[in-house]
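Notes to accompany the following structure.
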Amino acid sequence: MRFTAGETAQLWAQYMNDSASICLLTYFLEKAEDSEIIPIIEYALQLSKSHIQKLTAILTEEKNVVPNGFSIKEDVDLTAPRLYSDSYVLNYIHQMAKLGLTLYAGSVSSSVRQDITAYYIQCVTETMELYQKAKDLLLSKGLFVRSPSLPNLEKVEYVKKQGFILDVLGEKRPLIAAEVDNLFANLQRNAIGVATLTGFSQVAQNKEVKLFFIKGLEIGNKHIKLFGGKLEESKLPVPMSWDSEITNSTTYTFSDRIMMFYTSALIGLSVGFYGTGIALSPRGDIVAMYNRLSLEVQLYSEDGANIMIKNEWLEQPPMASDRDELVRGKNKS
């Protein structure tokens, strides 16, 4: 049975993601000093390497071209000074494991062939273990940032006023649990994104790429402020930032190409998470905020795609046949 479009898309995207992860994780491992964090990095790196081996075998057997992806030789300098602290790396791996669980679950639901389904179920299991290891270590080190707790429900109630959805006379109701969870999670994701882009902007070589990262920092900090403001309106705590976990290094560390790839991938994920925020929030002002911010992120994504195309950094994903082009070519012959 040939791959479905969903299977092809997931396999191709995972190869690109894991080849990039190998570059970053190898660098993180090279610079790591914390004896408790090193095994977590090693485990994450081993998973990415095993995924690349399996994906290569799957694609080759089906006579699909294996993507170029990224390589340590071309996309990272392991001799460069430390750019991120071990605490940042642990939190980064924790956040990437959370994203991986979401993406692999989607891959399972997109798979039809039994072997591909089994492969992605295995990926989910492995990533759950990585997530657990990273979370437990963050907890033991006092670095895990918990989302706010809400009062226990004492009785069942039903909504009786339109103010539950609309801003009536400037009076907003307190946030419901789903809104708190999404605002908090999106704030955390932006915080790790801002820290990541801070390091990227310091070591970027291309001026246009550096300015792109700086613009991303401005957008990320604005979104953090807006999400934090919504939490503070309901007298809820705002999580910490990770800005202090970046060193002052400006030495070439990662290729501009791999940094642009990572940034573009995170942008795409943020649009999806903002969409989830819209779907799970009945409050009109929060829906309007997510819609506005999502548009801003999409325009920023377009800027990034233009830079990657201009520099021939954007590897083309699998696509449907251009039947019109095929017909024109046949007519010419």
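Nothing in this text is a laboratory measurement; each read-out follows from the coordinates by a stated rule. What you see is a predicted model; the values in this text were computed from it and never measured. Don't worry about glycine lacking a Cβ; one is built from the backbone with ideal geometry, like all the others, and counts go over all protein chains shown.
How big is the charge dipole of the chain about its Cα centre, in debye rounded to the nearest 20, if each Lys and Arg gets +1 on its Cβ and each Asp and Glu gets -1 on its Cβ?
700
For the chain, what is the mean residue ellipticity at 222 nm derived from helices alone (per DSSP H run of n ≥ 4: -39500 (n - 2.57); sum divided by total residues; nearest 500 deg cm²/dmol)?
Here the helix-only value at 222 nm equals -23500 deg cm²/dmol.
Could you give each residue of region 133-145 its phi-based ³J(HN,Hα) in whole Hz, using Karplus coefficients 6.51, -1.76, 1.60 with θ = phi - 60°, and x for Gly or Pro?
So the J values, rounded to whole Hz, are 4, 5, 5, 4, 6, 4, 5, 5, 8, x, 9, 6, 9.
Between residue 172 and residue 139, take the C-beta separation as r, use R0 = 30 Å, and let me know the FRET efficiency to the nearest 0.05.
Numbers: r = 33 Å, r/R0 = 1.11.
According to the calculation, E is roughly 0.35.
If you line up the long axis of helix 86-110 against the longest principal axis of the chain, both from Cα atoms, how many degrees apart are they, to the nearest 10?
Taking Cα atoms only, the helix is inclined about 80 degrees.
Give the long-range amide H neighbours of residue 76: residues separated by 5 or more places, or on another chain, with amide H under 5 Å away, using H modelled in the peptide plane at 1.01 Å from N.
It is 255, by chain and number.
If every alpha-carbon in the chain counts as one equal scatterer, what log10 I(q)/I(0) does Debye give at q = 0.07, 0.09, 0.14, 0.15 1/Å?
Reported log10 I(q)/I(0), two decimals: -0.33, -0.55, -1.24, -1.37.
Which order do peptides 255-265, 32-42 fall in by mean Cβ count within 10 Å, highest first?
255-265, 32-42
Starting from the amide H of residue 247, placed 1.01 Å from N in the peptide plane, find each other amide H under 5 Å away whose residue is 5 or more places distant or on another chain.
84, 85
Between residue 181 and residue 207, what FRET efficiency comes out of the Förster formula 1/(1 + (r/R0)^6) with R0 = 45 Å and r the beta carbon distance, rounded to 0.05?
Calculated value: 0.70.
Tell me the label-point distance for the pair residue 310, residue 155, using the 7 Å Cα-to-Cβ offset, in nm and rounded to one decimal.
Distance between label points: 6.3 nm.
Please compute the contact order of region 155-301 in relative form: average sequence separation of alpha-carbon pairs under 8 Å and at least six residues apart, divided by the residue count, as a percent.
Result for region 155-301 is 31 percent.
Considering the convex hull of the alpha carbon atoms of region 45-113, report its projected area averaged over all viewing directions, in nm², one decimal. Walk me through the numbers before you get to the answer.
Numbers: hull surface 25.3 nm².
Value for region 45-113: 6.3 nm².
Residue 233 versus residue 78, label points 7 Å from Cα toward the beta carbon: distance in nm?
With each label placed 7 Å out from Cα toward Cβ, I get 5.0 nm.
Once both labels are modelled 7 Å past Cα along the beta-carbon direction, what's the residue 2-residue 241 spacing in nm?
In this crude spin-label approximation the distance works out to 5.1 nm.
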